[in-house]
Each structure stands twice: as C-alpha cells, then as structure tokens.
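One structure is given below, encoded as structure tokens.
The values are calculated or read from the model by the stated rules, or taken from the named source; none is laboratory data. All values reported here derive from a predicted model rather than from experimental measurement. Cβ sites come from the backbone with ideal geometry, for glycine too, and all protein chains shown count toward neighbours. With ligands, DNA and RNA removed, areas are computed over all heavy atoms of the protein, side chains included. Shrake-Rupley method; radii C 1.70, N 1.55, O 1.52, S 1.80 Å.
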Amino acid sequence: MNPERIVGEFPAPEFRGAQQQALRDVRDAFDAGNDVVLVRAPTGSGKSLIARAIMGCARRVEDADPVDPTGAYYTTPQVSQLDDVAEDDLLDDLKLIRGKSNYTCILPGEEDTPVDRAPCARERGYDCAVKHRCPYFSDRAIASSREYAAMTLAYFMRTAGSEVFRKRDVCVIDEAHGLAEWAEMYATIDLNEHTVPVWTDVRMPDVDGDPDAAVNFAEHLVRTCESAKDELLGQDELTPEEAGKRDRLQELISELNWFVEDYKDPESATTWVVDADESAVTVKPMDPERYLKHTVWDRANRFALLSATILNKEAFCRSVGLDPSNVALVDVEHTFPLENRPLYDVTQGKMTYEDREQTLPKVAETIVRVMARHPDEKGIVHAHSYDIAEKLAGHLEEFGVGDRVRTHDSDTRDAELERWKASDDPEVFVAVKMEEALDLKYDLGRWQVLCKAPFLNTNDSRVAARLADGQWAWYYRTALQTVIQGCGRVVRAPDDHGATYVVDSSILDLFDRARTDMPPWFRDQVDAMTTPDLPEPDATAALGDISGDVDQVEPTYTSSSGSSTSSSTTTSTQSSASDDRNSSGDRTSRSGSPLADVWDAE
C-alpha cells in the first residue's frame, strides 16, 4: 500500500467540505503503521469517494512480486449502498459482483431461471456452451481480475477461502458500524422445518438452552444432511427444487460443522447461546472474533472502515477482534450548517409497551401538528415496529389526515418506499426500520419524526447475556447509533436542510446516558435542540395540498390534555401485530429486522 497516492486518487474533480483533510488524516494514519483506520465521517460527507481514494493506494500489479496481494475490495452490508456505487459515474472503475441468485440464465427456455438453479447447477457434468457469456460467471471473472472489486458484505464473507477472490492489498468496508452484529447474524444457525430440508427425518431434541446438547444435535443433523445430500449427488439430473435442496444441505453442513468445531475449540473466544422451543433451535454466536478473522481480516493487508457511527474505538475493536493499538480513528469534520439539521423536542411521554397506549394518541396529535407546520413538504415517520406503525396509522386516520399518509408492510416496504419517493404530493411515509441506508435529499424529505428509542430486544438471548454481564454502555451505544443514523436521512448535502422531531421521552434519556459516546458534531446538534411552536392539530391545515377528498366526518381522538371525544377505536388500533415483546416492553417485528431488506445471498 502506498498512502502517499491517496489525495491524487480522489475520483471527483474537486473536494467538498472536509474531504481533502480527511484523506490527509487517513494517509498519516496508515503512514504511522496502523493496519486498520476507522474513518468516522458524518452522513453526506461523501464516504464512497473517500473509500475510492483509499482503494487507489493499493499495491499495483506492476509494482508487486507474483506472491504479493494487489488491488482492493470495496464491501458494504447495505445492498442499497452498493446500488448507489453502481449508479455513480465517478466510481465506474469499481467492478460489481452480486450473488448467483441475482442473475438469470441466458439459455433458451431458462431465461427466468436464477443462475444457481440453471442446468449447470442441476445436471451432472453439464458443459455450458455459453458459460463465457453467463452474466454471473462473466461478472465474477471480470471482478476477480479487475484492480477494484465491489460486493456486499454477505457475498464477501461467503467467498472467504475462494480461489477466485483471493487476498488483496486493501479492503474498504463502508457502513462498518454494524460489522460485529452482521457477523453474529451471518453465523447464526436457525434450525426448524423451514430451514432444514430433512427436518422430518430427525427427532427434536430436548436442548433447553444447553450448548452441549445443541452440539450433539448438530452432529446428528450433519450425518442426516450428508446422507440426503449424497443421495441427491448420485442423481444425473436434478429439478430446480432438488438443486436448491442440495445447496441448502451443503450450506447447513458447513454451518453446523463450524459451530461444532468452534464450540469445541478451547482457544476460541466465541460464546455460543442457544434458544429452543418445541419446534425450533437457534444457535447464536457472541463476539465471533474467529469467524471475522477468517471471513474478513485474513482477506487483505490493510483495512479502512467507514461509518458515521463508530462511536467508541476500543469497544468497537473488542467487538470485532481487532487490537486497538494497531487501529487509528480519523474524525471527519461535519461541514453542514447546524441550523440546517435542527433537532426538535416534542416529546409526549414514553413509548415502552406499558406506556404506549397512553402515549400514542399524543404522538399522533403531535405528528398532525408537525404536518400542519410542513403542509407542502414530504416527511417520514420512523415508527420502529409494525405494531407502532399500524396503531399510529389508525390514530392518524381518526384525526382525518389519512389521505396524506402512506404505510407499508414487510412485503411491500420497497415498493411503497419507491412510490412515496416518486410522488409529487407532500405525503407522509410511516416507515419501519428505515433509519439507515435511505437518501432523502432535498425535497425527497424535509422533516422526520423519531417515534421510539430504538433499544434492542432484551428477549434476544445475546442481548440478555450481555446485559446480565453488565454491558449497559453497549446497549445504549447501539441505540444511539440508530438514532444518529436516522437523523441523517433528511440532510444529505451542505445546502440541504431537514428537521428531526423527537416524540419519545426515552430518546432524551438515551442522549444523557450515551453522551460521552456522541461524535462532537452530533453532541452540538443535541445541545442546540429546542421546542418549536407548532400549529394546532387542524386536519385541513395538515393535509396541505394533498390530492384526494378530505374526510368530512368529525375526527375523534384523545387529545394531549387527556379529554376523549369518543370511546370508539378503529380496527387497526385494536388489532395486534405479530411483534416480539421483550422484557422491557419494547416490541420489534421479525420482518422489521434492520437486516431484513439488505441481506444478499450468494
């Protein structure tokens, strides 16, 4: 790696904000002998361009011995972030490669068949005459030979040990703040009738949270899976469904063998926890340092990890298995004017499960008042869970502003998001788990509401284990990461502006508890927080110029003063979503997982 090239490798014609100083600081950090540099860059600071400049410092083929790693990887856990890279003309020398299931076969009659289910994956000894033109294998060949290859973190981890994607000189990981959580999620093994093709051939064990019992079951399951896989491999031709079963069996065998090997290794730092009931077993790793070493840290000589929310260097390094003495933290200055990204305190009480029914009507009334303050501007409401989103939408309908509100469920989230972004109307989008990887620049979003402090589910065995170990700082820091990420959705450039309204008083408590982990620029934002003078909750004013007929029925609601004008409630208010309730009263939908819409299968 030659860090001296970093400024010259910047791909844009000119620098913006603090980009040039950031590159100089990164150069100095690598020159000082650090193997890893954490780049804490605020939302909108052009991290992708900084990433490309760092990649440009990688050893080149003409300067290397045959055994030396050359070139660079770019990887990110967010599929949408990779899409942005693909659409950026300044980054056109990054060759993208995606998982097989993202490509379709080009053979006649197979045009709708994913490559991982194509004849080459179904027939023994199949010799594809057009493999050189296959979209997947062509992209893979190009990406493996190009100086810069880009892929999702899921695909990057899956290709560990690959002869195609070997070790390179430099690796840049964008949106790296959740690396430990991604590794834990990726290494988690869910065993149930939907994930195990041979589930009916095995007897459900009495695991009861015992890792030793889980290991015994895993070894038994491996033998069953291998027998079923060998039977499929003995056939000359498989159906697409059988090919999928074969691949899942092989994947499951690898996952289970990894768990058994790691659990039995006395030198492994990984702690395994087991959740089990009468129909499923889930095996989860905590702090999987060894797993990250194999899938990430062995893949390059030097690393740059970029994020707005790597909040504590030492804690982050511990969570991903890095030695802090070999890691430098570079802080990038926030150059967006503070007055363009205001935080507003409009708190109405706590949004924990116990207090939610009392607080939600007040939150809905406040949102109506915010809508009246922004009658001609699009806004997004971060509802945190589908339960909150459903009930909140019902209250807003009661207020008579339903014509301006758009919602989604787990199956329609992407489609509804795109419809909302494409709409010319000042619609309000009630969203679940969209605090990250969402670019609402300029008029795409001028205001947003944070409905709930995004604390992790304490019923999750990993969360519970950490809290039992006293890791409350980690608990609050993780929630703060999501809040900071959310605050960046509506302000994307120095001349952009957007307001963020906080309605859950627990977020204010979070700010106090996690203040020492705040980046300086966000601490300034919190310190400048004020309480705005909002208009009255008038439906006509809140609807603004939205198209459609206004409901002429007098709205019924419980006002913020507590006086009720009606005892009736709508079906959506009464219904309950399939959310998981945790011990602190918070609810988090399974389909609303932060990872639900960004995981990219190989």
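General observations
- Extension gain for residue 536 to residue 409 (0.36 nm times residue separation, less C-alpha to C-alpha distance): 42.7 nm.
- These residues, 377, 87, 416, go from largest to smallest accessible area, 1.4 Å probe, as 87, 377, 416.
- Using the Karplus relation 6.51 cos²θ - 1.76 cosθ + 1.60 with θ = phi - 60°, the per-residue 3J(HN,Hα) values for the stretch 315-329 come to 5, 4, 4, 4, 6, 10, x, 9, 8, x, 5, 9, 10, 10, 10 Hz, with x marking Gly and Pro.
- Its Cα centre serving as origin, the stretch 398-469 has a Cβ charge dipole (Lys and Arg +1, Asp and Glu -1) of approximately 300 debye.
- Residue 127 paired with residue 35, simple spin-label distance in nm, labels 7 Å along Cα-to-beta-carbon: 4.6
- Using a simple spin-label model with pseudo-atoms 7 Å out from Cα toward Cβ, residue 312 and residue 192 lie 3.3 nm apart.
- You can think of it this way: the chain between residue 267 and residue 16 has 85.6 nm of extra reach, that is 0.36 nm per residue less the Cα-Cα gap.
- Neighbourhood charge, 9 Å Cβ-Cβ cut-off, centred on residue 332 and excluding it, Lys, Arg +1 and Asp, Glu -1: -1
- Solvent-accessible ranking of 233, 440, largest area first, probe 1.4 Å: 233, 440
- Under 29 Å from the Cα of residue 284 - lysines, other chains or at least 8 residues apart: 100, 167, 229, 245, 264, 293, 313, 433, 452
- For the chain, share of DSSP beta bridges that run antiparallel, in % to the nearest 5: 25
- Length gained on full extension, residue 92 to residue 2, computed as 0.36 nm times the residue gap minus the Cα-Cα distance: 30.2 nm.
- For q = 0.15, 0.16 Å⁻¹, Debye-computed log10 I/I(0) when each Cα of the stretch 286-421 counts as one equal scatterer: -0.95, -0.98
- Accessible area of the chain divided out per residue, in Å², using a probe of 1.4 angstrom: 43
- At the residue level, residue 145 shows approximately 90 square angstrom of accessible surface with a 1.4 angstrom probe and all protein chains present.
- Normalised per residue, the volume of the convex hull around the Cα set of the chain (Å³): 177
- Sequence of 227, 423 when ordered by accessible area, the most exposed leading, probe 1.4 angstrom: 227, 423
- Ligands, DNA and RNA aside, residue 126 has an accessible area near 80 Å² when probed at 1.4 Å.
- The chain: relative contact order as a whole-number percent, Cα under 8 Å and 6+ apart: 18
- Low-density loop positions, GluC sites (Glu not before Pro), the stretch 159-226 - DSSP coil, at most 15 other Cβ in 10 Å: 163, 193
- Residues whose amide H comes within less than 5 Å of that of residue 273, counting only those at least five positions distant or on another chain, are 284, 286 (H built at 1.01 Å from N in the peptide plane).
- Label positions at residue 339 and residue 201, each projected 7 Å from the Cα along the C-beta direction, are separated by 7.1 nm.
- Euclidean distance of C-alpha centroids, the stretch 236-263 and the stretch 340-390, integer Å: 45
- Percent accessible area from carbon and sulfur atoms, the chain, protein chains only, probe 1.4 Å: 44
- The chain - charge dipole about Cα centre, Lys and Arg +1 at Cβ, Asp and Glu -1, debye rounded to 20: 1160
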